[in-house]
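The values are calculated or read from the model by the stated rules, or taken from the named source; none is laboratory data. Worth saying up front: this structure is predicted, and the values here are computed from it rather than measured. Quick reminder, even Gly has a Cβ in these numbers, built from the backbone with ideal geometry, and neighbours come from all protein chains shown.
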Amino acid sequence: MKKINLTAELLFVLLPVLACVTGCGSSEALTSTDQQNAYARVTGLGDVASDESAFSEAFVPGSLPENRKDYTKFGYDIGGVATFEGDTAVIPVTIFGGVYDSAQGDRAGRKPSSQSEIHKKWTLQQVDGDWKIKDAPLT
């Protein structure tokens, strides 16, 4: 007959129950900061560039670039420390090639873009509490 360690089995059962009841920490919901939202707008631009509607939503009205398809060829990352003043942000952006252009479909999209990496500063503006891109030069 197997000897049962009652204390160990009791702990094994009660610890998960205790964790579920008490939680893992604060009861406050996590929220993103204005800075994180602005950064997300920049880094997510490559994903939304293939959709005309989503791309236009990313920009301040009146500042939409006409070369939307060029934006699908690159990836975007935060390239340094941003400056935030009121409802305007200037963000250093690293634009890198080597991503697949998915806007042209499966077959054509398998060819990676040729540009390696450049650095630009993009300007964002808050519009109705949402960060939108005002100026996003590629070259």
Scan Gly62, Gly86, Gly79, Gly46 and give me the residue that is under 13 Å from Gln126 (Cα atoms) and not aliphatic (A, V, I, L, M). Gly86
Output the qualifying pairs, or none if there are none: Cβ atoms under 6 angstrom, residues six or more apart or on different chains, first residue in segment 33-59 and over 18 Å from Asp77 (Cβ atoms) and without any contact (Cβ under 8 Å) to a residue 60 or more places away in the chain, second residue part of a helix (DSSP H, G or I) and among the small types (Gly, Ala, Ser). Ser50/Ser102; Ser50/Ala103
When segment 39-55 is checked residue by residue, the ones that are under 9 Å from the mean Cα position of the chain (by Cα) and either among the hydrophobic types (A, V, I, L, M, F, W, C) or not in a helix (DSSP H, G or I) (or both) are Ala40, Val42, Gly44, Leu45
Cβ contacts < 6 Å: first residue assigned to a helix (DSSP H, G or I) and of a type in the set (Phe, Trp, Tyr), restricted to segment 62-77; second residue at pLDDT 95 or above and surrounded by 15 or more Cβ atoms within 10 Å (Cβ to Cβ), any location; separation 6+ or different chain. Result? Tyr71/Ala49
Within segment 15-33, is there a residue that is at pLDDT 95 or above and not in a helix (DSSP H, G or I)? no
Does segment 75-132 hold any residues that are modelled with pLDDT under 95 and among the hydroxyl-bearing types (Ser, Thr, Tyr), and which are they? Tyr100, Ser102, Ser113, Ser114, Ser116
